[in-house]
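The values are calculated or read from the model by the stated rules, or taken from the named source; none is laboratory data. Every value quoted in this text rests on a predicted model; they were computed, and no experiment measured them. No Cβ is skipped: glycine too gets one built from the backbone with ideal geometry, and neighbour counts run over all protein chains shown. Heads up: the accessible areas ignore ligands, DNA and RNA and are worked out on the full protein's heavy atoms, side chains in. Shrake-Rupley method; radii C 1.70, N 1.55, O 1.52, S 1.80 Å.
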Amino acid sequence: MFELTGQVALVTGASRGIGRAVAVRLAAQGAHVVAAARGTNAEETVAAIVAQGGRAESISLDVTDTAALERVPAEILERH
């Protein structure tokens, strides 16, 4: 597989289904995952990643909020 150590991945819909699976897999490959979902829904995904030795954080994001979609990537880049 591929190595993502030192990379940051923003995963929307990370609270369940395909989004959660993608977040967990990217973390397993070494990425720091920013798990995005509405409210605090991605916190369980983050807990699962951290329990497996990965690095992750959750953010609240509604992908229908255009202003947030324009703001969030810049904020993530600033932090990482």
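A compact table of results
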| item | result |
| --- | --- |
| Residues being assigned to a helix (DSSP H, G or I) and either modelled with pLDDT under 95 or of a type in the set (Gly, Ala, Ser) (or both) - total across segment 37-55 | 3 |
| Count - residues of segment 12-49 that are closer than 18 Å to ILE76 by Cβ and not polar (S, T, N, Q) | 20 |
| Residue selected from segment 4-16 under the condition in contact with a helix residue (DSSP H, G or I) (Cβ under 9 Å, 6 or more places away or on another chain) and assigned to a loop (DSSP other than H, G, I, E, B), by the criterion most open to solvent (accessible area, probe 1.4 Å) | ARG16 |
| Selection count, segment 33-48, where residues are open to solvent by less than 20 Å² (accessible area, probe 1.4 Å) and of a type outside the set (A, V, I, L, M) | 1 |
| Qualifying residue in segment 56-72 (condition: in contact (Cβ under 8 Å) with a residue 24 or more places away in the chain, in contact with a Ser or Thr (Cβ under 9 Å, 6 or more places away or on another chain), surrounded by fewer than 19 Cβ atoms within 10 Å (Cβ to Cβ) and not in a strand (DSSP E or B)) | yes |
| Count of residues meeting criterion [of a type in the set (Gly, Ala, Ser) and in a helix (DSSP H, G or I)] in segment 17-36 | 6 |
| Those residues of segment 20-41 which are closer than 22 Å to ARG71 by Cβ, free of Cβ contacts under 8 Å to residues at least 40 places away in the same chain and touching a helix residue (DSSP H, G or I) at 6+ places or on another chain (Cβ under 8 Å), in sequence order | ALA23, VAL33, ALA35, ALA36, ALA37 |
| Some residue of segment 17-24 being more than 12 Å from the chain's Cα centre (by Cα), open to solvent by 40 Å² or more (accessible area, probe 1.4 Å) and at pLDDT 95 or above | yes |
